[in-house]
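Heads up, the thing below is written out as structure tokens.
The values are calculated or read from the model by the stated rules, or taken from the named source; none is laboratory data. Predicted, not measured: the structure shown is a model, and the values here were computed from it. When we count neighbours, we look across all protein chains shown, and the Cβ atoms used for this are built from the backbone with ideal geometry, even at glycine. To get the accessible areas, we keep the full protein, side chains included, count just its heavy atoms, and leave off ligands, DNA and RNA. Shrake-Rupley method; radii C 1.70, N 1.55, O 1.52, S 1.80 Å.
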Amino acid sequence: MPSFVTHLECTRCGKQYDHRVLQTLCLDCARPLYARYDLKAVGAAVRKEDLTGREASLWRYAELLPVDEGVERVTFGEGWTPLLSCPRLGERLGLSAVLVKDEGQIPTGSFKARGMAVAVTKAKELGARTLAVPSAGNAGGAMAQYGARAGLESYVFMPADVPELNRIECVAAGAHTYLVRGLITDCGKIVREGTPQKGWFDMSTLKEPYRVEGKKTMGLEIAEQLDWKLPDVILYPTGGGTGLVGMWKAFEELETLGWIGPERPRMVAVQSEGCAPIARAFHQGDEFAEPWKDAQTMASGIRVPAAVGDFLMLRALRESGGTAVTVSDAEIDTGTRLITQAEGLFVCPEGGAVVAALQKLASAGWVKPDEQVVLFNTGTGLKYPECFPVELPILDPHQAVDYAAL
């Protein structure tokens with residue numbers, strides 16, 4: 001199937017760019033570019049019913065992705081993650097229809113695989129040979145692995161305190177991996193300033209146009225998995241925000257195709273109290289978010305003090321009638337344990353954050369008991385052993401066991 005992309009378009013000023021060459025931000029206003037499609041031609045080529053029986057990966061939506069037939073896909077079979085009913089969690093929160101989109105089951109253990117699958121595929125197709133990314137952890141690991149799969153050289157720059165498994169997966173995949181004294185924004189500075197000297201292609205969140213195309217497939221999957229009727233509310237742990245704005249883009253494209261109606265979920269951005277630039281800007285009525293000073297949280301994936309797509313996130317929240325919620329690290333920990341014990345889902349701290357946020361919104365009546373809610377668990381808890389320390393009793397099989405005390 002040929003790509004139906006017609007051009008790239010600046011999300012702020014509307015300037016158009018050639019999609020057949022490597023692009024980063026808009027040259028006029030330094031804002032993200034979106035891939036635009038000939039949706040009339042897409043609609044003539046495929047119906048939503050035609051998706052039945054296609055491969056269980058994000059590539060089932062080939063007509064809405066920017067990769068031509070014949071181009072080698074850099075893939076591990078990512079996407080089509082389960083949308084799990086969580087009745088016991090819902091019961092504890094006083095809600096009747098709680099669903100979890102479990103991205104922890106995706107290759108590389110996090111939703112970052114979606115964006116990197118498409119972005120690395122396009123980068124290789126358009127001539128990139130060396131990739132670089134600043135990462136809070138999971139994006140670096142995903143790029144390292146997809147870069148290795150593509151036969152490309154990778155450079156990853158991560159804050160020095162990222163989870164150890166994120167470091168290990170980058171090194172194991174052969175990426176040039178560096179720890180940085182600072183936050184992801186400091187890592188981004190190194191990538192930005194090194195680009196002219198090293199000639200690498202910057203794969204930063206929303207600083208190239210195709211990671212968001214991979215992430216939008218989360219929205220396409222939700223629509224298809226719910227028989228083309230979107231939920232009432234979606235809660236999303238928000239750092240760089242690619243998934244949030246990607247889903248919003250997906251819903252717009254689906255409506256243009258006539259596959260869904262104009263109804264939209266209320267989108268909820270969930271952030272940590274220790275790093276909440278989007279939540280602060282939302283509640284202050286700002287169009288852009290001021291950088292957050294001294295960002296701190298156990299949920300490293302949402303420790304993003306400044307995001308180039310801030311205005312896109314804020315736009316989606318407001319257009320949807322949604323909101324932004326902050327939670328403490330203690331609440332994140334409680335939320336993680338709550339869902340794991342109620343449903344057996346070992347979620348990442350970011351997944352625990354959305355559980356804590358839903359608890360707040362349900363208690364306040366913002367989410368009604370009969371509304372259908374989708375929570376995003378963006379990664380597996382197995383990648384965060386530092387966040388879940390345990391001390392276990394030790395039994396000696398050579399001594400009598402006091403079963404009454406067990």
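How many residues are over 29 Å from Ala362 (Cβ atoms) and not hydroxyl-bearing (Ser, Thr, Tyr) if we restrict to the range 95-111?
1
Considering Ala128, Ala148, which residue is in a helix (DSSP H, G or I), of a type in the set (A, V, I, L, M, F, W, C) and either on the phi > 0 side of the Ramachandran plot or at pLDDT 95 or above (or both)?
Values: Ala128 fails: in a helix (DSSP H, G or I).
Of Ala128, Ala148, the one residue that is in a helix (DSSP H, G or I), of a type in the set (A, V, I, L, M, F, W, C) and either on the phi > 0 side of the Ramachandran plot or at pLDDT 95 or above (or both) is Ala148.
So which residues in the range 213-249 are in a loop (DSSP other than H, G, I, E, B) and open to solvent by less than 10 Å² (accessible area, probe 1.4 Å), if there are any at all?
Lys216, Pro231, Thr238, Gly239, Gly241
In the range 1-40, how many residues are open to solvent by less than 30 Å² (accessible area, probe 1.4 Å), over 23 Å from Ala289 (Cα atoms) and among the β-branched types (Val, Ile, Thr)?
Residues flagged as open to solvent by less than 30 Å² (accessible area, probe 1.4 Å), over 23 Å from Ala289 (Cα atoms) and among the β-branched types (Val, Ile, Thr) within the range 1-40 amount to 1.
Please verify whether Val270 is over 20 Å from Arg12 (Cα atoms), hydrophobic (A, V, I, L, M, F, W, C) and either modelled with pLDDT under 95 or over 14 Å from the mean Cα position of the chain (by Cα) (or both), treating the condition exactly as stated.
In short, no.
Any idea which residue in the range 125-175 is nearest to Thr185 (Cα to Cα), counting only those that are open to solvent by 10 Å² or more (accessible area, probe 1.4 Å) and among the hydroxyl-bearing types (Ser, Thr, Tyr)?
Only one residue tops the list, namely Tyr155.
Which ranges mark the helices (runs of 4 or more DSSP H) fully within the range 268-387 that have 3 or more residues being under 18 Å from Ile184 (Cβ atoms), open to solvent by less than 10 Å² (accessible area, probe 1.4 Å) and touching a strand residue (DSSP E or B) at 6+ places or on another chain (Cβ under 8 Å)?
In the range 268-387, 277-284 are the helices (runs of 4 or more DSSP H) which contain 3 or more residues that are under 18 Å from Ile184 (Cβ atoms), open to solvent by less than 10 Å² (accessible area, probe 1.4 Å) and touching a strand residue (DSSP E or B) at 6+ places or on another chain (Cβ under 8 Å).
Under 7 Å between Cβ atoms, which residue pairs at least 6 apart in sequence (or on different chains) link something in the range 285-306 that is aromatic (Phe, Trp, Tyr) with a partner that is part of a loop (DSSP other than H, G, I, E, B)?
Here the result reads Trp292/Ala276; Trp292/Pro305, each pair linking the range 285-306 to a residue that is part of a loop (DSSP other than H, G, I, E, B).
Could you tell me how many of the residues in the range 252-267 are without any contact (Cβ under 8 Å) to a residue 12 or more places away in the chain and either among the polar types (S, T, N, Q) or part of a loop (DSSP other than H, G, I, E, B) (or both)?
Residues that pass the stated criteria total 2.
Identify all residues within the range 41-56 that are open to solvent by less than 10 Å² (accessible area, probe 1.4 Å) and either farther than 19 Å from His7 by Cα or in contact with a Pro (Cβ under 9 Å, 6 or more places away or on another chain) (or both); write none if there are none.
Correct list: Val46, Leu51.
Six or more apart or on different chains, Cβ atoms under 7 Å: show the pairs whose first residue is in the range 57-86 and over 15 Å from Glu221 (Cα atoms) and open to solvent by 10 Å² or more (accessible area, probe 1.4 Å) and whose second is of a type in the set (Phe, Trp, Tyr) and modelled with pLDDT of 95 or more.
Final answer for the pair search is Arg73/Trp59; Thr75/Trp59.
Looking at (1) farther than 11 Å from Ala132 by Cβ; (2) surrounded by fewer than 16 Cβ atoms within 10 Å (Cβ to Cβ); (3) touching a residue at least 24 places away in the same chain (Cβ under 8 Å); (4) among the basic types (Lys, Arg), find the lone condition where Arg181 falls short.
(3)
What do you reckon, is Glu252 of a type outside the set (A, V, I, L, M, F, W, C) and surrounded by fewer than 24 Cβ atoms within 10 Å (Cβ to Cβ)?
Yes; evaluated as a whole, the condition is true for this residue.
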